[in-house]
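Enquirer: Please find one structure pasted underneath; my questions will follow.
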Amino acid sequence: MSTLHVDTPGETDIVMSREFDAPRELVFAAWTRPELLRRWLGARGWHLTRCEVDLRAGGRYRFEWAGPDGQFMANGGVYRTVAAPARLVFTERFDDQSYPGETLITHDFTELGGTTTVTSTLRFASREARDRVLAHPMARGVAEGYTRLDQALKENLMNWTLEVVIVPVTDLDAAKEFYADQLGFNVDHDTKVGEDQRIIQLTPPGSGCSVVIGTGIHSMKPGSLQGLQLVVNDLHKARAQLVERGVDVSEITVFGPEGKRPEQEGDDLNNAGFVFFSDPDGNSWAVQQITNRP
């Protein structure tokens, strides 16, 4: 079911479902992380210009889009349930909607054999509101956004495996921007503890471990940590993504019996190919290709 399927059970509901060839942890992340939402949310020709997510029960979100010919659209609401990676429930109301009340949206994420089905139930305040939405090209816009999401998931390169945790930095905000915006790490927590301590936890997508930057949590000199390591299953694509995001990353280096050398045509990079980069403080990272890790 790679196409969007739309049902209208009852008087106030629209139910949409579609399959994506990706694990549900990644698909759930695409619905909840601003850097991923910006890559797909919206019909063809529409792009998010504002994307604010406070991902917790009671937290609010706000989305604003720019469309063709200077058009503008915006909506927002409140998260009711955040049960990663299985369910996401929130309210929705558009700034200029032509029907009364808010909509309750439930996304259910189910995975089988690496394929994730997203089932979305939209419950409107009345049948009139539901029918007004159906009268507009809502399904077409959703389908176009899902096509963009499908492409983004196919291009996703962020199956990182983290080996080391604490990273000493000078400027927490600059470091947070680098790890979150350029590398695409998820910001799990940004917390102040007392007057002098701030802790930011960031997780590479696909990793069970996190990096932590902060004040008052270590005595290491900023930039002194060398050899942090990430693992991906396609080094060429991972390097291209880092370059696109403005990271100063090395060419691919191959390590073998003859030592280290630049990549050559025909090289098998698995377990031997690496690229290298550093964060703004000089903490160094290696990215290794491993495709046969269970």
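Enquirer: Within the range 53-93, which residues have the backbone N less than 12 Å from the label spot 7 Å out from ASP190 along Cα→beta-carbon, could you tell me?
Expert: Under 12 Å, as judged by backbone N against the label point of ASP190, lie 53-54 of the range 53-93.
Enquirer: Most mobile of PHE276, PHE255, PHE124 per a Gaussian network model of the chain (Cα springs, under 10 Å)?
Expert: Largest GNM mean-square fluctuation: PHE255.
Enquirer: Let me ask something else about it. Could you give each residue of the range 219-226 its phi-based ³J(HN,Hα) in whole Hz, using Karplus coefficients 6.51, -1.76, 1.60 with θ = phi - 60°, and x for Gly or Pro?
Expert: Each residue's phi maps through the Karplus curve to give 10, 6, 6, x, x, 7, 8, 10 Hz.
Enquirer: Quick check: with the 1.4 Å probe, what order do LEU242, LEU134 take by accessible area, largest first? Don't jump to the answer; show the numbers that get you there.
Expert: Working: LEU242 5, LEU134 70 Å².
Reading off the accessible areas and sorting them downward yields LEU134, LEU242.
Enquirer: Quick one: what are the phi-derived ³J(HN,Hα) couplings along the range 117-132, Karplus 6.51/-1.76/1.60 with θ = phi - 60°, whole Hz, x for glycine and proline?
Expert: Those phi angles translate into 9, 9, 10, 10, 10, 9, 10, 8, 6, 7, 5, 4, 5, 4, 5, 5 Hz.
Enquirer: Could you give the spread of the C-alpha atoms of the chain along their three principal axes, from largest to smallest, in whole angstroms?
Expert: Sorted largest first, the three principal extents are 70, 54, 39 Å.
Enquirer: Report the Stokes-Einstein translational diffusion coefficient (µm² s⁻¹, integer) for the range 177-248, Rh taken as the Kirkwood radius over Cα pairs, at 20 °C with viscosity 1.002 mPa s.
Expert: D = 154 µm²/s.
Enquirer: How far apart, in nanometres, would the label points at VAL78 and GLU251 be if each is projected 7 angstrom from Cα along the Cα-to-Cβ direction?
Expert: Simple spin-label model gives 5.7 nm for this pair.
Enquirer: Hey, how many Å between the Cα centroid of the range 13-35 and the Cα centroid of the range 185-236?
Expert: 26
Enquirer: So between LEU48 and GLU25, what do we pick up on full extension, going 0.36 nm a residue minus the alpha carbon distance?
Expert: On the way: separation 23, 0.36 × 23 = 8.28 nm, distance 2.24 nm.
Full extension from LEU48 to GLU25 adds 6.0 nm.
Enquirer: Report, by chain and number, residues whose modeled amide H sits under 5 Å from the one on ASP188, excluding near sequence neighbours (fewer than 5 apart, same chain).
Expert: Here GLN201, LEU202, THR203 satisfy the definition.
Enquirer: While we're looking at this one, here's another question. Count charges around TRP40 for me, please; just the other residues with Cβ under 13 Å from its Cβ, Lys/Arg as +1, Asp/Glu as -1.
Expert: Details: positive: ARG18, ARG33, ARG38, ARG39, ARG44, ARG148, LYS154; negative: GLU35, GLU144, ASP150, GLU155.
Cβ neighbours under 13 Å give a net charge of +3.
Enquirer: Here's a follow-up. Which residues' amide hydrogens lie under 5 Å from the amide hydrogen of GLY77, considering only partners 5 or more residues apart or on another chain, with H built in the peptide plane?
Expert: It is TYR61, by chain and number.
Enquirer: Probe radius 1.4 Å, ligands and nucleic acids ignored: give me the carbon and sulfur share of the accessible area of the chain as a rounded percent.
Expert: Carbon and sulfur atoms account for 49 percent of the accessible area of the chain.
Enquirer: Next up: Sum up the charges of everything whose Cβ sits under 11 Å from the Cβ of VAL254, counting Lys and Arg as +1 and Asp and Glu as -1, but leave VAL254 out. Show your work: numbers first, answer last.
Expert: Details: positive: LYS260, ARG261; negative: GLU251, GLU258, GLU263, ASP267, ASP268.
Taking every Cβ under 11 Å from that of VAL254, the sum is -3.
Enquirer: Could you give me the ³J(HN,Hα) list for the range 269-276, computed from phi with Karplus coefficients 6.51, -1.76, 1.60 and θ = phi - 60°, whole Hz, x at Gly and Pro?
Expert: Per-residue couplings from phi come out as 7, 4, 6, 10, x, 9, 10, 9 Hz.
Enquirer: When the chain is fully extended, how far beyond the present Cα-Cα distance does LEU172 get from ARG132, taking 0.36 nm per residue of separation?
Expert: 9.6 nm
Enquirer: Please list the radius of gyration and Dmax for the range 58-176, considering alpha-carbon atoms only, with Å as the unit.
Expert: 18.5, 57
Enquirer: Then there's this: Relative to the longest principal Cα axis of the chain, at what angle does helix 138-155 sit, 0 to 90 degrees, rounded to 10?
Expert: Between helix and principal axis, roughly 10 degrees.
Enquirer: Tell me the mean residue ellipticity at 222 nm calculated for the chain from its helices only (DSSP H runs of n ≥ 4, each -39500 (n - 2.57), averaged over every residue, nearest 500). Can you show the working numbers first?
Expert: Numbers: 6 runs with 56 residues, N = 294.
Helix contribution divided over all residues of the chain: -5500 deg cm²/dmol.
Enquirer: Using only Cα atoms, find the angle between the long axis of helix 235-244 and the longest principal axis of the chain, and express it within 0 to 90 degrees, rounded to the nearest 10.
Expert: Taking the Cα atoms of the chain, the angle to 235-244 is about 70 degrees.
Enquirer: So in the chain, what percent of DSSP beta bridges are antiparallel if you round to the nearest 5?
Expert: Antiparallel bridges make up about 90 percent of those DSSP assigns within the chain.
The values are calculated or read from the model by the stated rules, or taken from the named source; none is laboratory data. Being a predicted model, the structure only gives us computed values, none of them experimental. Methodologically, a virtual Cβ is constructed for each residue, glycine included, from the backbone with ideal geometry; neighbour enumeration extends over all protein chains shown. These area figures cover heavy atoms from the full protein model, side chains too; ligands, DNA and RNA do not enter into them. Shrake-Rupley method; radii C 1.70, N 1.55, O 1.52, S 1.80 Å.
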